[in-house]
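Heads up: the structure comes next, in C-alpha cells.
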Amino acid sequence: MATLLRSKLSNVATSVSHKSQAKMSGMFARMGFQAATDEEAVGFAHCDDLDMEHRQGLQMDILKSEGSEEGGEPPLEGDIHYQRDGTGPLPPSASKEACSELSGQGKPKITAWEAGWNVTNAIQGMFVLGLPYAILHGGYLGLFLIIFAAVVCCYTGKILIACLYEENEDGEIVRVRDSYVDIANACCAPRFPTLGGRIVNVAQIIELVMTCILYVVVSGNLMYNSFPSLPVSQKSWSIIATAVLLPCAFLKNLKAVSKFSLLCTLAHFVINILVIAYCLSRARDWAWDKVKFYIDVKKFPISIGIIVFSYTSQIFLPSLEGNMQNPKEFHCMMNWTHIAACILKGLFALVAYLTWADETKEVITDNLPSTIRAVVNIFLVAKALLSYPLPFFAAVEVLERSLFQDGNRAFFPNCYGGDGRLKSWGLTLRCALVVFTLLMAIYVPHFALLMGLTGSLTGAGLCFLLPSLFHLKLLWRKLLWHHVFFDVAIFVIGGICSISGFIHSLEGLIEAFRTNAED
C-alpha cells in the first residue's frame with residue numbers, strides 16, 4: 001500500500017513538473033520564434049515540415065511513464081510534453097498522428113502582429129545593405145523591380161498557403177497539408193511521391209548554406225573596411241570570424257542565441273536609420289542625374305537576384321500561418337508587411353545611391369566616413385555573427401533528418417547515439433560544414449555576386465517558380481482565368497530572370513574564383 005501511494009505521488013509530481021515545463025517551453029517558444037526568425041529565413045526557414053518550436057531548438061519528445069507498460073497504470077496527463085533540451089531525434093515510437101495532435105494542442109499561437117514581425121525580420125534584414133548596389137546597375141528599373149518583387153512575393157506567399165487547403169466532402173475548406181515539402185510531394189504524387197520534397201529540401205539547404213557563407217563574407221568585408229590601416233587582409237578577417245563561429249558545431253538548440261536576436265534586429269533598424277539620416281544630411285549633393293533609365297546588361301541580372309533574395313520568406317510561411325491564432329488574417333498581414341518592406345527598401349536604396357552615386361559599394365556602410373563607419377560596421381558584424389547559427393542550425397537539421405534520421409530511407413547510419421548524444425563523426429560533419437562556409441568566403445569574397453547567385457537560383461525558385469507551379473497543379477480546376485494568367489506570367493518571368501541572373505552571377509563567380517586562385 002505504501003509503495004503504491006509513493007508511486008502515485010511520484011507520478012503526480014512528475015505530471016506537475018511536466019506541465020510546468022510545457023508552459024515554460026511554450027512561453028519561450030513564443031519569445032524565441034519572434035526573436036530568432038531572422039531575415040533569411042531563415043529564418044527561416046528551417047525544415048519547414050517541423051513546427052515552430054522545433055525550428056527554434058525546441059524538440060517535441062513523447063515521454064511515457066513507466067506505469068504505461070503492460071500491467072501498469074496509464075500515463076497521467078502531462079507525461080506528454082515539450083522538451084527543450086533538443087538532445088536527439090524523435091523516438092521511433094512517436095507516430096506522426098501523435099506529433100500532429102500534440103502540435104495542435106500544446107503549441108502557443110501567435111497574433112497577426114507577431115506573425116508580421118517575423119515576416120518583417122525575414123524580408124527586411126541586413127541584406128538590404130546590398131540594394132543600393134542593385135540601383136547602381138539598374139537605375140529606375142531597379143526601383144521598379146523592388147516594387148514588383150514585393151507584389152509578386154506577396155502574391156506567391158498567399159497562393160502557397162492556398163495549396164495547404166482543400167475542400168472536403170461537406171464543401172468545407174480544410175487544411176490537409178502542413179508544409180512546403182507536403183505541397184511539393186502532393187504535386188509529384190502518385191508517380192514520385194517524395195521527389196518534390198527532396199527538391200525543396202535541396203533548394204532549402206543551398207539557400208541556408210549560402211546564407212551562412214554570406215554572413216562570413218560580410219563579416220570579413222566590414223572588418224577589413226573598418227580598419228584598413230591594420231595589416232590584416234579580408235581573408236584573415238574571415239578566418240577570425242569563422243574561428244568565433246566554430247562553436248556553432250556544438251549547438252543542441254538555439255535557446256542561448258535567440259536571446260540576442262531581438263536586440264540584434266532592433267540594432268539593425270537603428271543602423272538603417274543612421275545611414276538614412278546621414279544621407280539626408282547630404283541631400284543638397286544628391287546626384288539625381290546619375291539615376292539611369294537604361295541598365296547595365298552584364299551586371300543588371302545580378303541585381304535581380306539581389307532584390308529577389310531580400311524578399312525570401314516563403315519557406316517558413318506554411319508553419320507561420322499554421323501557428324496564427326486567426327489564419328484568416330494571414331492575407332492582411334502579408335499585404336501590410338510587404339507594402340512596408342517595399343516602401344522602406346525603395347527609399348533606403350534610392351537615398352543611399354543618390355548620396356554616393358557611382359561610388360556605391362557592394363555593402364553600403366563601406367561608403368560611410370571613417371569616423372562612424374567602424375562603429376556601424378562593428379554592430380553589423382556582431383549581428384552577422386549572432387545570426388549565423390540560425391541558418392547553420394537549420395541546414396544541419398535538414399541534412400541530419402534527410403541523410404541520417406529518415407528511418408529506412410536514410411542514406412547513412414544515425415548520427416545520434418541511443419542516449420540522444422551526437423556521435424563524434426556527426427560532430428566532425430558539422431565542423432566540416434563550418435569550414436566549408438569559410439573556404440567559400442575566402443575564394444569568392446564577393447557579397448553581391450553570392451547574393452545574386454543565391455537569389456537567382458533558390459530565391460526565384462522558392463518564391464516565384466514553385467509556388468505558381470504548385471498552385472496551377474493542385475487547384476487549376478477552381479482557379480479563375482486571371483489567377484491562371486498571373487501564375488503563368490510569374491512562372492515565365494521568374495524563369496527568365498532566374499536563368500539570366502544565375503548565368504551572369506555564375507560567370508562572375510568563376511572569374512573571381514580564378515583570380516583568387518592565381519593570387
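The values are calculated or read from the model by the stated rules, or taken from the named source; none is laboratory data. Note that this is a predicted model, so its numbers are computed, not measured. Don't worry about glycine lacking a Cβ; one is built from the backbone with ideal geometry, like all the others, and counts go over all protein chains shown. When the accessible area is computed, the model is the full protein with side chains, heavy atoms only, and any ligands, DNA or RNA have been set aside. Shrake-Rupley method; radii C 1.70, N 1.55, O 1.52, S 1.80 Å.
If you take the residues in region 158-184 that are among the acidic types (Asp, Glu) and either out of contact with any Gly (no Cβ under 8 Å at 6 or more places or on another chain) or in a strand (DSSP E or B) (or both), which one is modelled with the highest pLDDT?
Among them, the one singled out is Glu166.
Just one of the numbered conditions (1) in contact with a Leu (Cβ under 9 Å, 6 or more places away or on another chain); (2) over 27 Å from Ile339 (Cα atoms) is not true of Gly220; which one?
Here Gly220 clears every test but (1).
Only one of (1) in contact with a Phe, Trp or Tyr (Cβ under 8 Å, 6 or more places away or on another chain); (2) of a type in the set (Val, Ile, Thr); (3) over 23 Å from Ile123 (Cβ atoms) fails for Thr194. Which number is that?
Here Thr194 meets the rest and fails (1).
Which residues, counting only those in region 321-343, are touching a strand residue (DSSP E or B) at 6+ places or on another chain (Cβ under 9 Å), open to solvent by 10 Å² or more (accessible area, probe 1.4 Å) and not in a helix (DSSP H, G or I)?
Across region 321-343, the qualifying residue is only Gln325.
Taking into account only those residues within region 269-296 that are part of a helix (DSSP H, G or I) and not hydrophobic (A, V, I, L, M, F, W, C), which is surrounded by the fewest Cβ atoms within 10 Å (Cβ to Cβ)?
For region 269-296, the residue satisfying everything is Arg284.
Yes or no, residue by residue, for (1) modelled with pLDDT of 80 or more; (2) open to solvent by 30 Å² or more (accessible area, probe 1.4 Å); (3) touching a Phe, Trp or Tyr at 6+ places or on another chain (Cβ under 9 Å):
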| site | (1), (2), (3) |
| --- | --- |
| Phe393 | yes, no, no |
| Leu403 | no, yes, yes |
| Arg421 | no, yes, no |
| Ser424 | no, yes, no |
| Thr437 | yes, no, yes |
| Ala441 | yes, no, yes |
| Leu449 | yes, no, no |
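Looking at Thr371, is it open to solvent by less than 20 Å² (accessible area, probe 1.4 Å) and over 18 Å from the mean Cα position of the chain (by Cα)?
no
Regarding region 300-320, can at least one residue be identified that is part of a loop (DSSP other than H, G, I, E, B) and either farther than 30 Å from Ala162 by Cα or at pLDDT below 85 (or both)?
For region 300-320, residues part of a loop (DSSP other than H, G, I, E, B) and either farther than 30 Å from Ala162 by Cα or at pLDDT below 85 (or both): absent.
Condition check ((1) open to solvent by 30 Å² or more (accessible area, probe 1.4 Å); (2) within 16 Å of Ile315 (Cα to Cα); (3) of a type outside the set (Phe, Trp, Tyr)) across all residues:
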{"position": "Gly452", "(1), (2), (3)": "no, no, yes"}
{"position": "Gly455", "(1), (2), (3)": "no, yes, yes"}
{"position": "Thr458", "(1), (2), (3)": "no, yes, yes"}
{"position": "Ser468", "(1), (2), (3)": "no, yes, yes"}
{"position": "Leu474", "(1), (2), (3)": "yes, no, yes"}
{"position": "His483", "(1), (2), (3)": "yes, no, yes"}
{"position": "Asp487", "(1), (2), (3)": "no, no, yes"}
{"position": "Ile503", "(1), (2), (3)": "yes, no, yes"}
{"position": "Glu507", "(1), (2), (3)": "yes, no, yes"}
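Regarding Val351, is this residue in contact with a Cys (Cβ under 8 Å, 6 or more places away or on another chain) and open to solvent by 10 Å² or more (accessible area, probe 1.4 Å)?
Yes: the conditions hold for Val351.
Which residues, taken from region 197-234, are more than 30 Å from Phe470 (Cα to Cα), open to solvent by 70 Å² or more (accessible area, probe 1.4 Å) and in contact (Cβ under 8 Å) with a residue 12 or more places away in the chain?
Selection gives Tyr224 alone.
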